Amino acid sequence: MKNGVKDELRVLLSKYGPFFILLAMLIILSIISPYFFTVLNLTTILIQTAVVAIIAIGQTLVIITGGIDLSVGSYLCLSAIIAGLMMTSGLPLALSLILALVFGSFLGFINGFIVTKMKVPPFIATLGTMGMARGTALVITGGLPVSRLPEALAWFGRGTILGMPVPPIIFVVTALFFSWVLISTRLGRYIYAIGSNREATKLSGINTDKYLLIVYVIAGFLSAVAGIVLIGRLGSAHPTAGIGYELNTIAAAVIGGTSLSGGIGKISGTIIGALIMGVLNNGFTLLGVSSFYQQIAIGAVVVLAVFADVLQQGKVKQ
């Protein structure tokens, strides 16, 4: 009987643990700071979380397949700079954004090609492309931001729809769509299958390389989407944008219950993970805690989340 209760409690915590953590953080911070639970501050959290949340959705898909993508922050940066350079060269806004999304998808294709055809482990492959993309961004800009962007671009980062900020709307729509993809489509089933057992999936007649390639293309595309939202907020494209986002997106996915071993994960959990980090950063800012300590806290949370995943998978022997 006691074992049954423990099993039920473990299942409950594994399913809803991140939500309970987020709820506890909201309650504690609303008590500690009178400025936390205000419409303005909560809206700020959603806007600031949107960029990381959008990229984290693509990161989640990659991690579920058993891979990892360290290039997402650099791809965000390079896609945003390409979009900015095209706009400042006189191309129409819509065309510049479309081409930037295509470019981001192509960058993701490069990752997928290296992983599937060149057989380079995802960690090494995306570590290499991260450096190449960041270096390219610095070379083509000379280390200077791309400014004087069209005013209409600001709508993607600072605009509203029916009174709601655009960035959170974009990440919610993106999250809903890819939740549907994972739950209800063949692609989603194959993503889980590849992460659970890639060799068995391949032997069953599924073209695993094809679907892995699609996943990395999606991750590159979403990095470009996030880049557009970011330059809409900032009004310029910086060659240092996105530094550290690879850690933040991995943290969001892992905190939300995605297993680094592959085969397990949900977009809804990743969004909660991203919100936990957004609330944590906002709370530290309101309390006057240095950003240095924020990085320590995020790193600690990642380690604890991975350790919880290891325990859940039964890899730690008592």
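Values quoted throughout were computed directly from the atomic coordinates according to the rules given, and no laboratory measurement underlies them. Since this is a predicted model, take the numbers as computed values, not measurements. So basically every Cβ, Gly included, is an ideal-geometry build from the backbone, and we count neighbours across all protein chains shown.
Observations, loosely collected:
- Inter-probe distance in nm under a simple model that places probes 7 Å from Cα toward Cβ, at Ser261 and Val102: 4.3 nm
- Our coupling estimate for region 70-81, obtained by passing each phi through the Karplus curve with A = 6.51, B = -1.76, C = 1.60 and θ = phi - 60°, is 8, 9, 4, x, 5, 5, 4, 4, 5, 5, 5, 5 Hz, Gly and Pro reported as x.
- Counting every other Cβ atom within 10 Å of each residue's Cβ, Thr160, Thr49, Thr285, Thr43 order from fewest to most as Thr160, Thr43, Thr285, Thr49.
- Between region 246-276 and region 282-298, the Cα center-to-center distance that results, in Å: 21 Å
- The magnitude of the dipole of the chain, with charges of +1 and -1 set on the Cβ of Lys/Arg and Asp/Glu and taken from the Cα centre, is near 560 debye.
- MRE, 222 nm, helices only [DSSP H, n ≥ 4, -39500 (n - 2.57), over the chain, to nearest 500]: -25500 deg cm²/dmol
- Between Leu107, Leu22, Leu78, the GNM of the chain built on Cα springs shorter than 10 angstrom shows Leu22 fluctuating the most.
- In region 40-279, a dipole from Cβ-located charges (positive for Lys and Arg, negative for Asp and Glu) runs towards its positive end, and of Phe177, Leu234, Thr129 it is Phe177 whose Cα lies farthest in that direction.
- Under 28 Å, Cα to Cα: Lys pairs in the chain, sequence gap 8 or more or different chains: 23
- The packing ranking, built from the mean of other Cβ atoms within 10 Å per residue, places the peptides 60-68, 228-236 in the order 60-68, 228-236, highest first.
- Close amide-amide hydrogen proximity is noted between Gly256 and Gly273, each under 5 Å apart and 5 or more residues distant or on a separate chain (H modeled in the peptide plane; Pro and chain starts excluded).
- For the chain, with +1 on Lys and Arg beta carbons and -1 on Asp and Glu, the positive-most of Leu162, Leu107, Leu26 along the dipole: Leu107
- DSSP-loop chymotrypsin sites (Phe, Trp or Tyr not before Pro) across region 74-128, with at most 12 other Cβ within 10 angstrom: none
- Remark: spin-label model distance Val172-Ser184 equals 1.8 nm, labels positioned 7 Å along the Cα→Cβ axis.
- Ordering Leu95, Leu76 by the number of other Cβ atoms within 10 Å of each residue's own Cβ, fewest first, gives Leu95, Leu76.
- Around the amide H of Ile68, modelled in the peptide plane, lie the amide H atoms of Phe123, all under 5 Å away and 5 or more residues distant in sequence or on another chain.
- When peptides 191-198, 251-258 are ranked by their average number of other Cβ atoms within 10 Å per residue, the highest-first order is 251-258, 191-198.
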